[in-house]
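Participant: The following block contains the structure, expressed as structure tokens.
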Amino acid sequence: MNKNILHKRLQNIKLIILDVDGVMTDGKIIYSSDGREYKNFHAHDGFGIVRGKRSGLTFGIISGRSSPMVLKRAEKLGIGFVIQDREDKLEAFEEIKQKQKFSLKETAFIGDDEFDIELLKAVGFSACPSNAVSAVKKVVHYIAENEGGNGAVREIIDMILIAQKKI
């Protein structure tokens, strides 16, 4: 994508929606012998979200799976809304849009797998971690250098904040 067009897209962003598994985490789901689920979240990504919020961005999560760990992480980071267990992420975004009043042009979405594609194609700016599936890489505006759960979210947030002259 042309750098000037990309820069304009980034300047419009007010809302960043995140997928969880493979974006906020490395995609691995670990279960203990007693059935507890564990996820790895990267501190750099967390700081990027906190800094983005301080700079006026709004954050949300739309995940195809449901996990209490996602709610805990969202609460810790002050993420405004969480929709879980929803494979149709475009439909879930429509629910958010009703409440949040953000347009698609003002929205960024970071996803990594095939069920993210419709929302990735619809938003003003779409991105994925470097280890996203190839079908996703074909439709996004930006492919991060970092992998999911390993700084990709921070990289993309910083890119938006730099374009908006907030860092």
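Every number here is computed from the coordinates shown, using simple stated rules; none is lab data. Treat the numbers as computed from the prediction; the structure is a model and nothing was measured. All Cβ positions, glycine included, derive from the backbone under ideal geometry; neighbour counts span all protein chains shown.
Participant: Return, for the Cα atoms of the chain, the radius of gyration and Dmax in Å, separated by a comma.
Facilitator: In Å, with Rg to one decimal and Dmax whole: 14.7, 52.
Participant: Next question, about the same structure. Using θ = phi - 60° and the Karplus form 6.51 cos²θ - 1.76 cosθ + 1.60, what ³J(HN,Hα) does each residue of region 68-80 get, whole Hz, x for Gly and Pro?
Facilitator: After applying 6.51 cos²θ - 1.76 cosθ + 1.60, I find x, 5, 5, 4, 5, 5, 4, 5, 4, 8, x, 6, x Hz.
Participant: Using alpha-carbon positions, what is the distance between the centroids of region 19-42 and region 95-167, in Å?
Facilitator: What the calculation gives is 20 Å, centre to centre.
Participant: At 0.36 nm per residue, and after removing the present C-alpha to C-alpha distance, how many nm does the segment from H44 to D88 gain when stretched out fully? It would help to have the intermediate numbers written out before the result.
Facilitator: Working: separation 44, 0.36 × 44 = 15.84 nm, distance 2.85 nm.
Length gained, H44 through D88: 13.0 nm.
Participant: Within 10 Å, count the other beta carbons around each residue, average over each peptide in 72-79, 25-32, and list them highest first.
Facilitator: The densest-packed peptide leads the list: 72-79, 25-32.
Participant: If you don't mind, another one. Using only Cα atoms, find the angle between the long axis of helix 43-54 and the longest principal axis of the chain, and express it within 0 to 90 degrees, rounded to the nearest 10.
Facilitator: Once rounded, one gets 50 degrees.
Participant: Another question about this same structure. Could I have the simple spin-label model distance between S134 and K166, label points 7 Å from Cα toward Cβ, reported in nm to one decimal?
Facilitator: Calculated label separation equals 3.6 nm.
Participant: Within a Cβ distance under 12 Å of I117, other residues only, what is the Lys/Arg minus Asp/Glu net charge?
Facilitator: Working: positive: K89, K121, K137, K138; negative: D19, E87, D88, D112, D113, E114, D116, E118.
Once all neighbours under 12 Å are counted, the net charge is -4.
Participant: Quick query: amide H of T58 versus all other amide H atoms, modeled in the peptide plane; which residues come in under 5 Å with a sequence gap of 5 or more or a different chain?
Facilitator: L15, I16
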